[in-house]
Amino acid sequence: MIGLVAATANGRRRAAHLAEVWPEARFYEGSPKLSLTRAWEECDGIVAFLAAGAAVRLVAPLLEDKRRDPGVVCVDDAGRFAVALAGGHGGGANGLALRVAGALGAEPVITTASDALGFPALDSLGKEIGFRVEEGSDLAEVGVALVSGEKINFLSEVRWPLGPLPGNLVRSEEPVPPLVLVTDRLVEAPRPAVVYRPPSLVAGVGCSRGVGADEILSLLGRSLEEAGLSKKSVALLASVEAKSDEEGLLEAAGRLGVPVRFYPAVELAGVEVPNPSAVVEGAVGTPSVAEASVLRAGADLLLEKRKSGMATVAIGRLPARGRLSLVSLGPGDEALISPLAREALTAAELVVGLEQYVERVRHLLWPGTRVLELPLGDEVERAWRALGEARAGGSVALVSSGDVGVYAMASPALELAGEEVDVTVVPGVTAAQAAAALLGSPLGHDHCSVSLSDLLTPWEVIRARLEAAAAGDFVVALYNPRSRGRDWQLGKAKEILLGHRPPDTPVGVVRDAYRLEQRVEITALSSLRPEDVDMLTVVIVGSSQTRILADRMVTPRGYLS
């Protein structure tokens, strides 16, 4: 839970706003001192709408251990800055400051050395994908070396989507200190070192009715030790559906802090395993539960089944899953790039896109981020290259202007993507929305978008869609209206639309929306000049209800009537 504390009217107003929009936030009203003390005991993070000096004096007596204390963010009375005051990484204050800034339109202030220099914080590296730091790791010593620019060796058996790494964190084949080591194996790392346990292991569990959690966990612990693997890397338990209500199994998963995945017996019965059992098949309908569950989860079997009195365990290793973010950059102005898009860009180790799109965001990328620029027309190649990096375990952002899901890269990327890659689509302001905002409100009632490019869609299909939109009296946003190689389609579209609506129908022509070269024109359908339009233009043709009011294009919905 996030506690909100305020002293002034402005602070209380902003705290009340966050309490309304964040389900997990609670506004502690009353004396700031008493409110902060209560929030300290009950919350994981605190946002204090107080002067920094006042917040420091109130927080100081409460500080005990940075690994347990809540992170504190301080916001000034004007709401201009969100300062990570205490608990930057361990308490989550850095992330909370970014979140507060996004919600209030403030500037985040983060003074942690690693963040200020664009380096990953060692106590939170890989945290979002499930990395856990091994006890006894030399976080302080390796962290100081990292921010001081010293060479740190980075060793990982597989590639993980960690995002861009600083130049002095150098991939290595040998465990040479100072070292950052990512492994699920029980190895003795040379010091100083930080050891991370990735979420790479699945434990298949078979059990008799009434088995206790202690027996399952004891057998799992012995099995992991035999295989030389860390319990911290167990990411999943798996079993047969018949055990979905087994209390001991559910309790064991809860104590490990991992989910349980259950598979139908018929699915497990089709998995070839090294140690099938007719007894097990007679009991639950599949000759294997533990080993078959591991393999069905997509893991490689590392340790064949081991037994205790009432339980069976097998261990497997899951492949690392890469991440692909399909990122919308909006129409042109940097202010229209959403916080979600900025977050996805900073988390990517590779950004793929057209040169003009990549150049727009190059200054937003963290040090160490690679870029891949491919020319117009290579859309499938762009999707393949981005997916190839993600399939190899990387963290990739594939960027498009406008909204990535509208006439852009989301469609081919998702057509080609399989289940082995985690894909996130980050929405944005579309070209039609940007043009409409500059024109007024032409999309105030029913509307549609039609691309006039017949490179991928036959003209007869486009013609039929235009006829339907015109007959239905939709406002029509025309994408890809005209290029040097396609100079007649817009004229034909004009003819089709004139067949269904009057010559004085308002038309908006917007070129380079929200860019320095922006041009906005409102004309009549009969006066539309196709020769003045190019691929950087969006044309919005009004419906029979669209009006020009105070030089603005408006399609009423009927509220005033």
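Bear in mind that the values in this text are calculations on the coordinates, not laboratory data. Model, not experiment: these values are computed from the prediction. Backbone-built Cβ (ideal geometry, glycine too); neighbour counts: all protein chains shown.
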At a Förster distance of 22 Å, what's the computed FRET efficiency of Arg547 paired with Ser526, Cβ-Cβ distance as r, to 0.05?
0.85
Cα-based reach from Lys307 at 24 Å (exclusive), listing lysines while leaving out same-chain residues under 8 positions away:
Lys231, Lys232, Lys243
If one compares the long axis through the Cα atoms of helix 459-471 with the longest principal axis of the Cα atoms of the chain, the angle in degrees, nearest 10, works out at 70
Taking every other residue with Cβ under 13 Å from the Cβ of Arg370 and scoring Lys and Arg +1, Asp and Glu -1, one gets -1
So what is the relative contact order of the stretch 230-384, in percent, for Cα pairs below 8 Å that sit 6 or more residues apart?
12
When DSSP assigns beta bridges and you keep just the ones with both residues in the stretch 1-143, what percent turn out antiparallel, to the nearest 5?
20
Descending packing, highest mean Cβ count within 10 Å first, for 497-503, 433-439 is 433-439, 497-503
Cβ crowding within 10 Å averaged over residues, with 348-354, 377-383 ranked highest first
348-354, 377-383
From the square roots a ≥ b ≥ c of the eigenvalues of the alpha-carbon gyration tensor of the stretch 322-429, which class results: rounded (a/c under 1.5), prolate (a/b over b/c), or oblate?
rounded
Which one, Gln489, Leu528, Tyr479, is farthest towards the positive end of the dipole of the stretch 411-535 when Lys and Arg carry +1 and Asp and Glu -1 on their Cβ?
Leu528
Candidate aspartates and glutamates for bridging to Lys492, where Cα separation is under 16 Å - those fewer than 8 sequence places away on the same chain excluded:
Asp454, Glu460, Glu467, Glu531, Asp532, Asp534
If r is the Cβ-Cβ distance from Ser208 to Glu272 and R0 is 30 Å, what FRET efficiency results, to the nearest 0.05?
0.80
Among (i) -0.35, -1.07; (ii) -0.32, -0.95; (iii) -0.44, -1.13, which is the computed log10 I(q)/I(0) by the Debye sum over Cα atoms at q = 0.06, 0.11 Å⁻¹?
(iii)
The stretch 450-500 to the stretch 399-441: how many Å between their Cα centroids?
21
So, relative contact order of the stretch 322-429 in percent, Cα under 8 Å, 6 or more apart, is 46
Ranked by how many other beta carbons lie within 10 Å on average, peptides 186-199, 69-82 from highest
69-82, 186-199
Length gained if Ala392 through Ser244 is fully extended, taking 0.36 nm per residue and subtracting the Cα-Cα distance, is 49.9 nm
Net charge dipole size for the chain [Lys, Arg +1 and Asp, Glu -1 on Cβ; Debye, nearest 20]:
840
Could you please report the charge total around Arg385, scoring K, R as +1 and D, E as -1 over all other residues with beta-carbon less than 14 angstrom from its beta-carbon?
-3
Rounded to the nearest 0.05, what FRET efficiency do Asp504 and Asp454 give with R0 = 41 Å and r taken as the Cβ-Cβ distance? Could you check?
0.90
Positive minus negative residues near Asp446 (Lys, Arg vs Asp, Glu; Cβ under 10 Å)
0
Mean separation of Cα contacts under 8 Å, 6 or more apart, over the residue count of the chain: relative contact order %:
8
If you average the C-alpha positions of the stretch 122-179 and of the stretch 289-343 separately, how far apart do those two centres end up, in angstrom?
21
